[in-house]
Structure formats: structure tokens, C-alpha cells
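One structure is given below, encoded as C-alpha cells.
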Amino acid sequence: MSKYFSPEKETASREQIVEWQNAGLVDCVKRVWDNVPYYRKKMEKKGVTPDDIKGIEDLHKLPFLTKDDLRDAYPYGLLARPLSDCVRIHSTSGTTGRRVVAFYTQNDIDLWDECCARALTAAGATEDDVVQVSYGYGLFTGGFGLNGGSHKVGCLTLPMSSGNTDRQIQFMTDLGATVLCCTPSYAAYLGESIHERGVRDMIHLKAGIFGAEAWTEEMRRDIEQTLGIKAYDIYGLTEISGPGVAFECENQNGMHINEDYFIVEVIDPKTGEVLPDGEKGELVFTAFAKEAFPLLRYRTKDICILSREKCSCGRTFVKMTKPLGRSDDMLIVKGVNVFPSQIETVLLNHGYAANYQIIVDRHKNSDSLEVRVEMTPEMFSDELSKVSAKERELVAGLKSMLGIHADDKLVTPKSIVRYA
Ligand SMILES: [Zn+2]
């Protein structure tokens, strides 16, 4: 059984990876300069030409690209190849404004499928496996991405799409699915439904690849326990290609980014300055290998930390944490970037519901942060000393997550106003 889908890529030396990235970036910058007036204008505005870009050390000279650019350029403005070379589109849901449409050549699809095949192989899938793809198929990238990856590995692929839980469970049992791919919330729901129907013994799953939405470590443990599997995280955005930009290995502590196709940076979301590895900031991707829809310095708004610590799986690709928040939700307290999702994670890990209020205030030039949380009904009936012990526990948890002190106030259940 091979542990890597692309061993020569996934375990390449840093020098080799940088060489691929240098060549890929120089080529990509030339391609967009020649073929995409939108990029050319942005570069001219910043006073950069392809001659200024000799390798990844020059990446910081290029302008950023944002989702607004993608919307402005809708539908063809960022296309780098003739439409006759394109074979497919995918699109974001467009809940906040105009849709973003991404184009793919056959090579782009192959590259994307390969990324998903690496993710599946890292989760232990081989040609002997039966992969149930329960992500949506269609404009959304989840279904097609994992479907393509599963084909490449040679697994028997069940293109279930999302929904219809009865049919999902029937196929899962009748066809002996061993790997499940879907959103973590649907995995949790499937787990509950399987237990309710009393068919847990007929399930043969060993692994799951879950992404496309935020999930906590606690949720991972629940899913692993309920379904009797190992649950792996996967990362990607439609704009960048889809799932598989980064994937988890057996260590389940961060996702390896496919650096032979993508260059990653972490920047300070306020200043745009590139931050060193290990610092928390906004993820920026350069998708230099894509033909139809290459992206230079695309700001994802996802807040992450990169780590180049040696991974015992043998992969040399840099690892990213799961997104810790969105840069547009960021608060700055005492000079530290604080994300509501970090606070939420601490609350969930301490057994509270995610109903809370964050109060940031300033007294005499000093910031204060208060988190109001609803007690659970059991705690409400506890003695006062127990409640203050719980409060101290939460303060310590928040301090270790945020790096600064936050006061917490446990309030009576259902006393925090809900906004729909
Ligand atoms: Zn690893």
C-alpha cells in the first residue's frame, strides 16, 4: 500500500519545491500579463512588470487580488485562456453579492483531481476502497473534487451527492462504503441517523474526509466515535480550484498545502505585510499552475497559522491550521488580533452552548475584553462557589487561546438576546 499518491512531489526537498514555485510563478506572471488585461492594469498601477518577478522572493511586489476583483471581473475578466480551451466551470454560492465563476481546462481538472487523490491516499484510501461522496455535485466543488480524486486513486466511487439520508445509509451498508466524504455537519447527522436506525453494525467505514465548513476538535472526536472512523480535514476554495488545496495526514494536526501547485503566504490583514511562519494572519494563495483561472496573491480572508515543523508522515509540504476565523470578523484588543471563532471554540470545549456576547471597551487608554456566556441549566442550580470555579476555568481557557486576559461573566440561561 502506498502512503503517498505523488511521493516524488509530497516528499520533495525544500530546494526542489522552491525551484518549482520560482519557475511556476515567473511563468504565471508572464501568462496573465500577456492574456489578462485586468491583471496587467493592476500590475501597472503598482508599477510592476513581469521583469521584476524572478522568483518567490519577489512575490510581495505583486498586487493582492480580492473577492471583489473576482466579482468585478465576472464572468470572463480573469480568464487566461480562450474559452475553447475550457471544459468546465464551478461557482460560489453568491450569498453576499455577485457570484464568482471559476473556469477549468482539462489540465486544471487533472491537477485538482490529483490534489484530492493525495488527500484520499493520506486518509488511507486505496483501489480496494469504496468511497461514498456525499458532498453536493453541481456548481459547488465538493462533489466533483472528491469524485475525481477517488477515480484517480482507483476507488469504487459512489456519487451520492448530498441529502436523502435513507438512500445514503442504504448504499453505505449494501455497498460497504469504507470512506465517507461530506461536510462535517452532515457526517454528524448521518452518524446520529445510523444509530437511530440501529444499523451501526452494518457500517464498514474506516475514514472520512470532511470540509467546506468550520468544525471543532470536539466535533471531530464525536464523529470519530459515532461512526468508528478516523476523521480528516480538507481545505480549499472554489476560487483556488476546490477542495484539496490542503489536506490532513495521519497526524491530524494541520493540513499539508500542495506547494507544488500553490504558493502560500500569511499576511497581516490590516497592513498587508507578510508575516513569518508561526504567526497568525490571513492566508493568501497564488495558484500558479492553473491554466484557465490562475490567481496571484488571492486573499482568502481565512485566518491561519503556518508551520514548517517536520511532520512524521514524511511529507515536506508546509502545514496550515484549520481556519481560526475570518479577517472581516477580527477584533483588535490590546494590540492582539482576536477572532470570535476562537472564543467560540473555548466555550464549546468547556461544554457551553455557543450563545455568547463579546464586549470590548476602553478605559483610560486600556482595552478590556469581556465574554458573557450563558450557564447551562445544571450549573444554574449549583452553589455559588462552583459557579465561580467554572468562571476561573473559563478565564484560563480564554487566556491560553487568545494570549490576553478576558473577563468572563456567566449569566442565566436564555438571557442573551438571539439575533436571527
Ligand atoms: Zn504530515
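The values are calculated or read from the model by the stated rules, or taken from the named source; none is laboratory data. These figures come from a predicted structure and were not determined experimentally. Every residue, glycine as well, gets a Cβ built from its backbone with ideal geometry; the counts of neighbours run over all protein chains shown.
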query: So which residues in segment 291-310 are surrounded by 24 or more Cβ atoms within 10 Å (Cβ to Cβ) and part of a loop (DSSP other than H, G, I, E, B), if there are any at all?
result: F293, P294
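Each row is one residue, and each column tells you yes or no for (1) in contact with a helix residue (DSSP H, G or I) (Cβ under 6 Å, 6 or more places away or on another chain); (2) more than 13 Å from the ligand (Cβ to nearest atom); (3) more than 30 Å from P50 (Cα to Cα).
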site	(1), (2), (3)
A287	no, yes, no
A292	yes, yes, no
R297	no, yes, no
C313	no, no, yes
R326	no, yes, yes
D329	yes, yes, yes
field: Search result, residues across segment 397-420 that are surrounded by 11 or more Cβ atoms within 10 Å (Cβ to Cβ) and closer than 27 Å to G281 by Cα
entry: G397, L398, K399, M401, L402, G403, I404, H405, A406, D407, D408
message: Suppose we filter E217, E192 for residues that are in contact with a helix residue (DSSP H, G or I) (Cβ under 9 Å, 6 or more places away or on another chain), touching a residue at least 60 places away in the same chain (Cβ under 8 Å) and not assigned by TED's automatic domain parsing to the domain that holds P340; which single one remains?
response: E217
query: Of all residues in segment 354-372, how many are touching a residue at least 12 places away in the same chain (Cβ under 8 Å) and surrounded by 13 or more Cβ atoms within 10 Å (Cβ to Cβ)?
result: 11
- line: Note on segment 6-26: residues surrounded by 15 or more Cβ atoms within 10 Å (Cβ to Cβ) and either modelled with pLDDT under 95 or more than 26 Å from the chain's Cα centre (by Cα) (or both) are V26
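Can you find a residue that is part of a strand (DSSP E or B), assigned by TED's automatic domain parsing to the domain that holds V100, surrounded by fewer than 18 Cβ atoms within 10 Å (Cβ to Cβ) and not β-branched (V, I, T) anywhere in segment 313-324? Steps first, answer last, please.
Narrowing segment 313-324 to residues part of a strand (DSSP E or B): 319-320.
Going one step further and asking which of them are assigned by TED's automatic domain parsing to the domain that holds V100, we end up with 319-320.
When the remaining residues are screened for being surrounded by fewer than 18 Cβ atoms within 10 Å (Cβ to Cβ), the result is none.
No, segment 313-324 contains no residue that is part of a strand (DSSP E or B), assigned by TED's automatic domain parsing to the domain that holds V100, surrounded by fewer than 18 Cβ atoms within 10 Å (Cβ to Cβ) and not β-branched (V, I, T).
Considering each of K54, K9, K30, K41 in turn, give the residue that is basic (K, R) and more than 23 Å from A292 (Cβ to Cβ). Walk me through it before giving the result.
Numbers: K9 fails: more than 23 Å from A292 (Cβ to Cβ); K30 fails: more than 23 Å from A292 (Cβ to Cβ); K41 fails: more than 23 Å from A292 (Cβ to Cβ).
Only one candidate qualifies: K54.
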message: If I filter segment 270-286 down to residues being touching a residue at least 60 places away in the same chain (Cβ under 8 Å) and surrounded by 20 or more Cβ atoms within 10 Å (Cβ to Cβ), which single residue comes out as farthest from N107 (Cα to Cα)?
response: V284
- line: Just one listed residue, out of N253, N258, is within 16 Å of the ligand (Cβ to nearest atom) and closer than 30 Å to L83 by Cβ, and it is N258
message: If I filter segment 153-171 for residues that are out of contact with any Ser or Thr (no Cβ under 8 Å at 6 or more places or on another chain) and under 30 Å from T286 (Cα atoms), do I get at least one hit?
response: no
statement: Picked from segment 102-118 (must be in contact with a Phe, Trp or Tyr (Cβ under 6 Å, 6 or more places away or on another chain) and outside any helix (DSSP H, G or I)), the residue surrounded by the fewest Cβ atoms within 10 Å (Cβ to Cβ) is F103
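Residue-by-condition table, conditions (1) over 30 Å from S241 (Cβ atoms); (2) touching a strand residue (DSSP E or B) at 6+ places or on another chain (Cβ under 8 Å); (3) within 16 Å of the ligand (Cβ to nearest atom):
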{"site": "M320", "(1), (2), (3)": "no, yes, yes"}
{"site": "V360", "(1), (2), (3)": "yes, yes, no"}
{"site": "V373", "(1), (2), (3)": "yes, yes, no"}
{"site": "E383", "(1), (2), (3)": "yes, no, no"}
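Anything in segment 206-232 that is within 30 Å of F103 (Cα to Cα) and either surrounded by fewer than 24 Cβ atoms within 10 Å (Cβ to Cβ) or away from the ligand (no atom under 16 Å from the Cβ) (or both)? List them, or say none.
Taking segment 206-232 and keeping what is within 30 Å of F103 (Cα to Cα), we get 208-215, 232.
Listed by number, the residues that qualify are G208, F210, G211, A212, E213, A214, W215.
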